[in-house]
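Have a look at the structure below before the remarks.
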Amino acid sequence: MDGEQNEQQHGRAPEPGRIRWFPLRRPWRAGGGSTRRRALRATGVTLAVLTVTLTGVTLGALAGGRVSTDIGPFQADLTVTPALHGGTTVDVPPLGALQLDSHSGPTHLTVDLGALDQSRTEALLHDPASLSQASATAVDDVREGVMRLGVRTVAAAVLVTLVLALLVFRDTRRAAWAGTLALVVTAGSLGTAAATMRPQSIEEPRYEGLLVNAPAIVGDARRIANDYTRYAEQLQRIVGNVSQLYTTVSTLPVYEPAPGTTRVLHISDLHLNPAAWQVIRTVVEQFGIDVVVDTGDITDWGSEPEANYVASIGLLGKPYVYIRGNHDSGRTAAAVARQPNAVVLDNTTATVAGLTIAGIGDPRFTPDKSTSPAGSGLTRETADQLIGTGDQLAATARSAPRPVNLALVHDPASAGPLAGASPLVLAGHTHRREVSRLPQEKGQPPTLLMVQGSTGGAGLRGLEGEQPTPLSMTVLYFDEDKLLQAYDDITVGGTGQAQVNLQRHIVEDPQAGPSAPVTPTPTR
């Protein structure tokens with residue numbers, strides 16, 4: 001065969017009689033490799049279309065997902081951006097921001113109240129009735145702005161995707177597929193946000209920014225809505241409150257509390273931090289506090305020199321109810337008692353600002369910090385001692401001439417026996433904020449236990465970690481029947497920091513307390 005091939009290559013015919021040999025060939029497989037290649041090609045094209053679509057949707061949303069609209073007196077910018085979690089941010093520069101858990105889905109709405117219309121502002125200053133009219137139209141303004149934002153975002157996402165697909169593929173059919181997919185993705189994301197909208201989220205905004213403005217923006221607790229039908233009213237109130245902040249130059253107004261509302265500031269574990277007093281004074285003034293309640297550990301060692309630290313109590317100008325913590329000595333309690341506005345409770349009751357309060361000091365005095373939150377925990381002997389303290393206060397509360405509205409212990413380990421003796425128990429000691437219900441026996445009324453973080457940021461110990469321990473305090477709102485209706489958890493960034501966080505919680509059924517426990521704020 002090789003000879004024949006050589007002869008053919010040299011143009012010579014094969015010799016007569018020579019046997020010709022032909023090589024064997026493998027059987028032909030119809031379409032095997034071609035099918036695989038087509039499948040791989042189709043997969044590649046699909047992934048490419050998806051990539052181009054997602055890129056186009058993202059770029060389109062970032063470029064076109066923004067509209068300007070008038071909300072009350074404000075010239076507001078509404079922006080929608082891709083996000084892992086939904087929600088709404090209302091920016092009120094320079095005052096801060098309101099964070100609302102308004103919806104789910106991969107879109108985040110930002111409302112930037114960045115500027116005031118000059119003519120409208122002048123009208124507000126000269127005609128107070130204009131403020132009410134501007135607030136009344138806020139809901140319609142937001143609804144119209146959000147509708148325009150949605151249409152603009154969809155159009156921008158589809159247009160950018162089409163242009164990008166044509167540039168990448170240079171094929172109108174693939175560009176059409178990418179545009180259609182962009183329409184589905186964008187409309188589906190916005191539709192998910194609309195379908196999961198939670199108008200009631202405006203009842204519990206989370207505020208971040210300057211502390212002095214927080215109560216004015218969030219509004220009064222009693223006026224917070226409990227159902228969907230009052231959503232518009234709450235939105236109007238926030239717009240109205242912010243408008244008042246902008247149009248008032250020298251003073252920042254705080255709404256008058258509802259008739260009969262009593263505001264209590266719960267603080268605990270100051271641990272000699274001088275910065276705590278300034279924050280406390282600011283909250284007392286701006287939130288219209290009626291009485292301050294301190295659940296102990298105002299000092300570290302309970303020594304005589306530390307007694308001068310409590311002199312700031314008298315500067316608050318409001319009743320100050322105090323119980324001794326395990327870091328406070330008898331001399332500390334005596335120094336507090338010398339303040340003109342102080343009430344020291346030790347297995348006693350007192351009626352302050354219309355509230356009947358029972359309190360008892362911690363049975364221990366451990367300035368060596370052996371029972372601090374960083375310690376090794378409770379021994380059986382210490383636990384029995386703390387429970388015995390709770391038993392004593394429960395007996396005192398049940399025998400009081402007036403029903404007790406509020407009970408105070410330093411260590412939450414003492415709270416158990418108070419179940420049914422008081423609707424609310426306040427404690428501290430752990431430097432960790434937590435809210436829970438005490439186990440109740442059949443026939444007993446429910447009792448809520450609220451444990452405060454450290455208002456002093458755990459003192460010097462708060463600086464031992466990588467991040468300083470935040471300063472924590474809570475404003476409690478009681479109605480005319482002295483039942484808890486709402487509370488604001490305030491957290492100030494630790495020593496050397498200025499960030500402020502305010503989280504409002506509504507008590508839907510004051511007889512039963514909050515419907516769910518609050519997630520503890522991580523502290524030391």
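Quick note: the coordinates plus some simple rules give every number you see, no bench work behind them. This structure is a prediction, so every number in the text was calculated from the model and none was measured. Because the Cβ atoms are built from the backbone with ideal geometry, glycine has one as well, and the counts that use them run over all protein chains shown.
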| task | Starting with the highest mean, order 478-485, 59-66 by the number of other Cβ atoms within 10 Å, averaged over the residues of each peptide. | result | 59-66, 478-485
| Between the range 169-191 and the range 69-88, what is the C-alpha centre distance in whole Å? | 25 Å
| Local electrostatic count, residue 424, Cβ distance below 11 Å [Lys/Arg +1, Asp/Glu -1] | +2
| task | Would you mind putting 312-320, 270-278 in packing order, based on average other-beta-carbon counts within 10 Å, highest first? | result | 270-278, 312-320
| What's the extension gain from residue 63 to residue 437 if we count 0.36 nm per residue and subtract their Cα-Cα distance? | 129.7 nm
| note | Protection proxy (average C-beta count within 10 Å per residue), highest first, orders 173-185, 77-89 as 173-185, 77-89
| said: Can you tell me, using C-alpha contacts under 8 Å and at least 6 residues apart, the relative contact order of the range 298-411 as a whole percent? | reply: 28 percent
| field | Long-range HN-HN contacts of residue 485 with modeled amide H, under 5 Å | value | 477, 478, 479
